[in-house]
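Student: Handing you a structure now.
The values are calculated or read from the model by the stated rules, or taken from the named source; none is laboratory data. Predicted model, so just to flag it, every value in this text is computed and none were measured. Quick reminder, even Gly has a Cβ in these numbers, built from the backbone with ideal geometry, and neighbours come from all protein chains shown. Note: areas computed on protein heavy atoms with side chains; ligands, DNA, RNA excluded. Shrake-Rupley method; radii C 1.70, N 1.55, O 1.52, S 1.80 Å.
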Amino acid sequence: MSINTEPDKLKPTDYASDQEVRWCPGCGDYAILNAVKKTLADKQAKKENTVFVSGIGCSSRLPYYMATYGFHTIHGRAPAFATGIKITNPKLDVWVITGDGDSLSIGGNHFIHLFRKNLNCQVLLFNNEIYGLTKGQASPASRIGTISPSTPSGSLEAPISACELALSSGATFVARGVDTAIKKLVPTLSKAQEHVGTSLVEIYQNCIVYNDDVFKSFTDKSVASEKQIHLEHGQPMLFGENNKKGLAINKDYSSLEIIDLEQNEKEISRVLVHDYKNKTIANLLTQMDQKSMPVALGVIYCVEKPTLDNYYTEKLNQHNNEISNIMEKGQTWTI
Amino acid sequence: MDGNSSEIRSNNIDDNWSTTVRFAGDSGDGMQLTGGRLTFEAAISGMGLATFPDYPAEIRAPAGTTFGVSSFQVRFGEGLIASSGDHADILVAMNPAALKVNIKEVLPGGLLILDSSSFNERGIKKAGYEENPLENNSLAGMQIISADISNLTIEAVKEFGLGNKDGMRCRNMWTLGLILWLFTKETNETINWLQNKFGKDNILAKANMAALNAGHSYAENTEISSDIIRKIVPKIKPAKGKWRAITGAESLAFGLATGAIKSKLNMTLCSYPITPASPIMHYLANYELKGIGIYQAEDEIAACCSAIGVSYAGGLGVTSSSGPGISLKTEAIGLAISVELPLIIINSQRAGPSTGLPTRAEQSDLMQAVHGRHGEAPLVVLAPKSPSHCFHIAQKAIHIAIKYMTPVMILSDAYLTNASEPWLIPDISGIKENPVSFGEYNENYMPFERNPNTLARKWVKPGTKGMEHRIGGLEKDSISGNISYDPENHQEMTNLRAEKIRNIQNEFEKIEIIGPDKGDLLVIGWGSTNGPISEAQELLSNKGYAISHTQISCLWPISHNLKNIASKFKEVLVVEMNDGQLFNLLKVETMPNAKSLTQVSGKPFRVSYLLDKFKEIIELRN
Ligand SMILES: Cc1ncc(C[n+]2csc(CCOP(=O)(O)OP(=O)(O)O)c2C)c(N)n1
Ligand code: SF4
Ligand SMILES: [Mg+2]
C-alpha cells in the first residue's frame, strides 16, 4: 500500500492487514478485533503511530490482523516489550494484547508491575478462562471444578480476578467488557486509549471450542439486562429491565447489594452514583459474586498518576553530561 | 628492581620489578579503600598496575569471622603488569581471621603487617585458630610488623572527640601511612584526597589525616625501620596524556555509551540487580549522560524483553546480568535473533552452576552463550581481555549489532568487572561517527529483505509512515516477513540466519598474536585469562622459548584464520577457567589436535602455574 493513496478518512477496514484471520469460526476474538478497528477508526488513529504488542495465545495473534505496527513477542512478556517501546518513543500509542493464561499465569509478574509503573498503554485482556491455543487446559482464571485435558476430574484452584489484581497492584484504569456487547465495548476501549497511564480492559471472550458458554450466565440475551451493569461515571448504578434495579452499599457487610426499585421506589436515594475515582467502590464492584450479583462492565476505576514513560523521558531530558567530562571525573593524573 | 627487595621476593619471576600488596580485613575495615589509595599512588608514579578486589558474598558477615574477610590486592611495578599477582609480597591483616584466610597467598619470607590488639583470645577463637599464630611459630620465616594499630589510631584521633567506633574507622588510614612510608612515599597526595572528599575543615578529614600521619611517623620513628627494607618506588614514563584507573565495569559503561553516542542512538540499559553485573547499571545511572538511561526491570526476563522493545522502537537496547539472570533471558534472546533486531547482552560471568560463587570469576558460560538457546539460534559472542579492552569490545559489539541486525553477547566476568588498571583517557572526538540509517518510506518495502553484503534486514521503527508491518517469533517468510509454515522457507531462513552470523568473522580478520608466528607452542586464551597468560608467555619468550599467545576476542563466529595460525605451531594449548569449553568448540570447528588447560576454582590462574605448564609442554615435545 502506498503512502500517497491513503484515504482521507480511515474506515475500520482500513486498519485490517492483508493477512487472513485464523481464529476458529464463532470465536469471540472476531468481535473484539472489530471493536478495536472501530475504535481506531473513530479516533482516526494514525496507523504509523499505533503499535500492537502481544504475548502468545490465540488472542495474541491479533497484531497480525492489524495494518498498524505489530510485535508478536513471547508468552506473558508483552508488558515488558511495551515498556521498552514506550520509554524509547512515548509518542507511540501502544496496545498490549494478552490472554488470561498469558497475563495471569506466566506473565503475572509483568502484569502487576505494569500497573505499579503505570506505563501509558492499553492492556486488552481476552479472558476466555481457558488456555485456547494449547488446546483447552485450565487457566488461572478458570473456575474451580473446570474439566479440561489437564484437569479431567475438575480443577482445584480458585480463579484470579484480573481486575482485583490490577487494582491492588496500583492500576489507574480498570474496565471490563464482553465480546457480546461490542457497542458498549467500543466506548470503553476509547476511554482506555484516552487515559494517560496503564488502562486495563478485561474482555470476557467466549472460546467456542474449549470453554463454550462459560459466561452464559450473564451474557445470554435472556438474562443480559438483569446480570450486567454498564457503569457510567456520574450516573446512578442502575440495571435490569427498565433500570428497575440499583446497587447500594450494604452497611452491615460493607459490600454491595441489589435494591429492587419496583418494590421499593423510595430506596432510589440509596443507589450509588458511579464515581470512578473511588477505589473502595471499585473494589466492591470487581468483587461482586457472579451468581447473586450483576457483572460490572464499563469503566470501573480511573485516576491520574504520573506515568513511567513520562518520568523516564523527563529524567532523560535532564541528562546533560558529556562522556568526555565523565571519563575525566574523579582522580586522574597527567603524564 | 632494587636489589634489596629481592630478599623479600623468592618469586621465580624476577625479570621485571613488581610488588604485590594485599589488604585484608572485615568488610567494614575499609580495605578496598586503602588498596585503592595505594593503587593511585602507584599510578601517579607512572607504574604499570593491576588490582583485584576479592569480597565475600555476605554483605556484613559477623566481624572477625573468616567468611567476613574481604581483601584487595594491588600489584605494581615496571614492565608488563597484566595480572594482579600470584602471591602477595606484603599482607596487611587487620584481624586474625584476615590472616588465616590470606596467609596462603603470601610468599615465603613475605611481610605481614598485623594489628596486634586484635590478636586477643576472642579474636583468635573467632578466626578458628587453636592458638595465637603470633606465638606458636607458625609464621616462621615471615617478616612481621605487629603494631597495636587500634590503640595507636585511637590515640592519634583522640583530640577530635570521635567515639571509639568512628576512631577505629581510621585504622585503615593509619595502616596506609605505614605502607606509604615503606614505599618511600609522602602522605600529601592522600591528604589532598581526604580534604577533597570530606572538606578541608571536616572533622573526619582531620581525624583520618591524623591517623595517616601517625602511621607514617610510627614507621619512621620506631624500630621497624632497621629491619624492614623500604621499597624504592621508581618513576617510569608511560604514554603522554591524562590517565585514570578503570575497572572493567566502568570501561564497559563508557564503551557502551560511546558506541551509542557515535551511532546517534539513545540507549537504555535494562537490567535487574545481580552480583557481579550490577556495577555497570550503577555507573550508567550515575553518569547521567545525554541520551543514555537505565531501566531497572522487575526481573531479568522483563529486562531483556524491554531492551528488545527499546531496539524495536529505534533505540539501542542493552541488558546485563550474570549466569542465573542470563538463563532467564534465554527465551527472549531467541526472539531477538528471530526478529533480527540489535541487542547487546552482557554476561558478567560468575562461578556456577546455579548461584555458585557470585563474587568469583569463571568462564563457564561460553557454551551457553554460543549454543544455549532452543532452535538454531546463532548470535555473536565477544570477550574483552582486560578492563581497558572492555571499552573497545563494547563499541565493537554495538557496531556489529546494528550493522548486522543481531544480538551480540559480551562475556565479561567477576574478575574483569572489578579489576582495575591505568587507562589513558581516550579522545572521544577522535572516534568516528557512524549514525544509524533507519528505513524510510519505500513503496516496495519487504520487512525481511536483506542487504546482500551483510544479510541484515532494514531497521524500520514504528512511527515511520507507510512502513507499518508486523514481526514476531513465528517463522517468517524470507522476504515478506509474513508467517510462513513452508518447509523450504524454514530451511532457507535457518541458513540465512547462520550465514549472516558466520560472515561476521570478517570483522575480526586480523588475529593478534604475541610472539613469533610459528614455534613450539601457541597458547590460546580468551577473556580475563589474558593477564596471567601474557605474563607467562613474555617470561618464557625472554628465556628463549618459542612460545606465542593469542587472546581471542570473537568467540562466535570462530574465525577460520585461527586454524591457519595454529597450524604453524607444534602444540596448541587452550587455557580457560572452565572445563574446556573453548577447547571443545575449537576441536569441532578447526583444530582437532589442540590440548586443554583448565581451572575451575573461581580464582584467576597463577602466572607461575601457567609458566610451569607451558614449559612442560614445550620440553616434552622437544
Ligand atoms: C514459554 C512458553 N510456555 C508455554 C507456551 C505454550 N502456550 C502458548 S499459548 C499458551 C496459553 C494461552 O492461553 P491464554 O493466554 O489464555 O490465551 P488464549 O489462547 O486463551 O487466547 C501456552 C501455555 C509458550 N508458547 N511459551
Ligand atoms: S481455540 Fe478458542 S480462543 Fe482459540 S481461536 Fe478457537 S475459539 Fe478462539
Ligand atoms: Mg485464554
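Student: What pairs can you find where one residue is in segment B:395-420 and within 23 Å of B:ILE81 (Cα to Cα), the other is crowded, with 24+ Cβ neighbours inside 10 Å and basic (Lys, Arg), and their Cβ atoms are less than 8 Å apart, with a gap of 6+ or different chains?
Tutor: Note: pairs meeting the criteria are B:ASP413/B:ARG350; B:ALA414/B:ARG350.
Student: Still on this structure, please answer the following. Being of a type in the set (Asp, Glu) and open to solvent by 20 Å² or more (accessible area, probe 1.4 Å) is the filter here, so list the residues in segment B:572-595 that pass it.
Tutor: Selection gives B:ASP579, B:GLU589.
Student: What single numbered condition from (1) surrounded by 17 or more Cβ atoms within 10 Å (Cβ to Cβ); (2) in contact with a Ser or Thr (Cβ under 8 Å, 6 or more places away or on another chain); (3) of a type in the set (Phe, Trp, Tyr); (4) within 14 Å of chain A (Cβ to nearest Cβ) fails to hold for B:TYR441?
Tutor: Here B:TYR441 clears every test but (1).
Student: Still on this structure: Counting only residues that are free of Cβ contacts under 8 Å to residues at least 12 places away in the same chain and within 22 Å of the chain's Cα centre (by Cα), give me the helices (runs of 4 or more DSSP H) lying completely in segment B:242-322 with at least 2 of them.
Tutor: Answer list for segment B:242-322: B:278-287.
Student: So, one more: Of (1) within 16 Å of ligand 2 (Cβ to nearest atom); (2) open to solvent by 10 Å² or more (accessible area, probe 1.4 Å); (3) β-branched (Val, Ile, Thr), A:ILE112 satisfies all except one. Which?
Tutor: Answer for A:ILE112: the failing condition is (1).
Student: In addition: Residue by residue through segment B:553-571, note down the ones that are touching a Ser or Thr at 6+ places or on another chain (Cβ under 8 Å) and either of a type outside the set (D, E, K, R) or crowded, with 20+ Cβ neighbours inside 10 Å (or both).
Tutor: B:ILE558, B:HIS560, B:LEU562, B:ILE565, B:ALA566, B:PHE569
Student: Between A:ALA82, A:ALA16, which is surrounded by fewer than 19 Cβ atoms within 10 Å (Cβ to Cβ) and more than 16 Å from ligand 2 (Cβ to nearest atom)?
Tutor: None of the other options fit; the residue is A:ALA16.
Student: Let me ask you something else. Can you tell me which residues in segment A:304-335 are surrounded by fewer than 17 Cβ atoms within 10 Å (Cβ to Cβ), at pLDDT 95 or above and touching a Gly at 6+ places or on another chain (Cβ under 9 Å)?
Tutor: A:GLU304, A:LYS305, A:PRO306, A:LYS315, A:HIS319
Student: Only one residue in A:GLY107, A:GLY57, A:GLY99 is surrounded by 24 or more Cβ atoms within 10 Å (Cβ to Cβ) and within 10 Å of chain B (Cβ to nearest Cβ). Which one?
Tutor: Residue meeting the stated conditions: A:GLY107.
Here's the yes/no breakdown for (1) out of contact with any Pro (no Cβ under 8 Å at 6 or more places or on another chain); (2) among the hydrophobic types (A, V, I, L, M, F, W, C); (3) more than 23 Å from B:CYS390 (Cβ to Cβ):
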| position | (1), (2), (3) |
| --- | --- |
| B:GLN537 | yes, no, no |
| B:THR550 | yes, no, no |
| B:SER567 | yes, no, yes |
| B:MET591 | yes, yes, yes |
| B:ASP612 | yes, no, yes |
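Student: Here's another thing I want to ask about it. I'm checking my understanding of the structure. Among residues of segment A:70-79 that are more than 7 Å from chain B (Cβ to nearest Cβ) and assigned to a loop (DSSP other than H, G, I, E, B), which one is least open to solvent (accessible area, probe 1.4 Å)?
Tutor: Start the filter on segment A:70-79 by keeping residues that are more than 7 Å from chain B (Cβ to nearest Cβ), which leaves A:75-76, A:78-79.
Remaining after also requiring assigned to a loop (DSSP other than H, G, I, E, B): A:75-76.
Details: A:HIS75: 60, A:GLY76: 1 Å².
Among those that are more than 7 Å from chain B (Cβ to nearest Cβ) and assigned to a loop (DSSP other than H, G, I, E, B), it is A:GLY76.
Student: Next up: Name the residues in segment B:118-135 that are open to solvent by less than 90 Å² (accessible area, probe 1.4 Å) and over 35 Å from the mean Cα position of the chain (by Cα), would you?
Tutor: Passing the criteria: B:ASN120, B:ASN132, B:LEU134.
Student: Six or more apart or on different chains, Cβ under 6 Å: which pairs go from a residue in segment B:534-549 that's in contact (Cβ under 8 Å) with a residue 12 or more places away in the chain to one that's open to solvent by less than 10 Å² (accessible area, probe 1.4 Å) and among the small types (Gly, Ala, Ser)? Could you list them?
Tutor: B:GLU535/B:SER83
Student: For segment A:102-109, check the following and say yes or no: at least one residue is within 11 Å of ligand 1 (Cβ to nearest atom) and either at positive phi or among the aromatic types (Phe, Trp, Tyr) (or both).
Tutor: no
Student: Scan segment B:99-107 and tell me whether some residue there is open to solvent by 20 Å² or more (accessible area, probe 1.4 Å), in a loop (DSSP other than H, G, I, E, B) and among the aliphatic types (A, V, I, L, M).
Tutor: No, the conditions are met nowhere in segment B:99-107.
Student: Here is a further query. Identify the single condition in (1) within 11 Å of ligand 1 (Cβ to nearest atom); (2) open to solvent by 10 Å² or more (accessible area, probe 1.4 Å) that A:ALA67 does not satisfy, given that it satisfies every other one.
Tutor: Exception for A:ALA67: condition (1).
Student: Report, by residue number, each residue of segment A:239-259 that is over 14 Å from A:SER225 (Cβ atoms) and surrounded by fewer than 13 Cβ atoms within 10 Å (Cβ to Cβ). Step through it out loud before you land on a result.
Tutor: Quick first cut of segment A:239-259, residues over 14 Å from A:SER225 (Cβ atoms) only: A:247-257, A:259.
Within segment A:239-259, A:LYS251, A:ASP252, A:TYR253, A:SER254 meet the criteria.
Student: Also, I was wondering about something else. Looking at A:LEU10, A:LEU40, which one is without any contact (Cβ under 8 Å) to a residue 40 or more places away in the chain, within 13 Å of another protein chain (Cβ to nearest Cβ), under 20 Å from A:SER190 (Cβ atoms) and part of a loop (DSSP other than H, G, I, E, B)?
Tutor: On the way: A:LEU40 fails: part of a loop (DSSP other than H, G, I, E, B).
Result: A:LEU10 is the single residue among A:LEU10, A:LEU40 that is without any contact (Cβ under 8 Å) to a residue 40 or more places away in the chain, within 13 Å of another protein chain (Cβ to nearest Cβ), under 20 Å from A:SER190 (Cβ atoms) and part of a loop (DSSP other than H, G, I, E, B).
Student: Oh, and also: Does at least one position in segment B:325-338 carry a residue that is within 14 Å of another protein chain (Cβ to nearest Cβ) and assigned to a strand (DSSP E or B)?
Tutor: Checked segment B:325-338: no residue is within 14 Å of another protein chain (Cβ to nearest Cβ) and assigned to a strand (DSSP E or B).
Student: Please state which one of A:SER148, A:SER169, A:SER139 is of a type in the set (Gly, Ala, Ser), open to solvent by less than 40 Å² (accessible area, probe 1.4 Å), out of contact with any strand residue (DSSP E or B) (no Cβ under 9 Å at 6 or more places or on another chain) and in contact (Cβ under 8 Å) with a residue 24 or more places away in the chain.
Tutor: Checking each option against the conditions leaves just A:SER169.
Student: Regarding B:SER528, is this residue touching a residue at least 24 places away in the same chain (Cβ under 8 Å), in contact with a helix residue (DSSP H, G or I) (Cβ under 8 Å, 6 or more places away or on another chain) and of a type in the set (Ser, Thr, Tyr)?
Tutor: Judged against the criteria, B:SER528 is a match.
Student: In this structure, does A:ILE160 turn out to be closer than 30 Å to A:LEU308 by Cα and touching a Pro at 6+ places or on another chain (Cβ under 6 Å)?
Tutor: For A:ILE160, the condition - closer than 30 Å to A:LEU308 by Cα and touching a Pro at 6+ places or on another chain (Cβ under 6 Å) - is met.
Student: Just to be sure I understand, how many residues within segment A:85-96 are touching a helix residue (DSSP H, G or I) at 6+ places or on another chain (Cβ under 7 Å) and open to solvent by less than 10 Å² (accessible area, probe 1.4 Å)? Break it down into steps so the answer makes sense when it comes.
Tutor: Initially, segment A:85-96 is screened for residues touching a helix residue (DSSP H, G or I) at 6+ places or on another chain (Cβ under 7 Å), giving A:85-88, A:90-94, A:96.
Now narrow it down to the ones that are open to solvent by less than 10 Å² (accessible area, probe 1.4 Å): A:85-87, A:92, A:94, A:96.
Summing the residues that are touching a helix residue (DSSP H, G or I) at 6+ places or on another chain (Cβ under 7 Å) and open to solvent by less than 10 Å² (accessible area, probe 1.4 Å) in segment A:85-96 gives 6.
Student: Here is a follow-up. Does A:ILE32 meet the test of being on the phi < 0 side of the Ramachandran plot, within 15 Å of ligand 1 (Cβ to nearest atom) and assigned to a loop (DSSP other than H, G, I, E, B)?
Tutor: Values: on the phi < 0 side of the Ramachandran plot: yes; within 15 Å of ligand 1 (Cβ to nearest atom): yes; assigned to a loop (DSSP other than H, G, I, E, B): no.
It is false that A:ILE32 is on the phi < 0 side of the Ramachandran plot, within 15 Å of ligand 1 (Cβ to nearest atom) and assigned to a loop (DSSP other than H, G, I, E, B).
Student: Still on this structure: If the requirement is being surrounded by 20 or more Cβ atoms within 10 Å (Cβ to Cβ), within 16 Å of ligand 1 (Cβ to nearest atom) and not acidic (Asp, Glu), which of these qualifies: A:ASN120, A:ASN211?
Tutor: Only one candidate qualifies: A:ASN211.
Student: Only residues that are assigned to a loop (DSSP other than H, G, I, E, B) and open to solvent by 20 Å² or more (accessible area, probe 1.4 Å): list them for segment B:31-55, please.
Tutor: Scanning segment B:31-55 gives a single hit, B:TYR55.
Student: Right, next: Of the residues B:LYS465, B:LYS461, B:LYS500, B:LYS476, which single one is open to solvent by less than 40 Å² (accessible area, probe 1.4 Å) and within 14 Å of another protein chain (Cβ to nearest Cβ)?
Tutor: Going through B:LYS465, B:LYS461, B:LYS500, B:LYS476 in turn, the sole match is B:LYS476.
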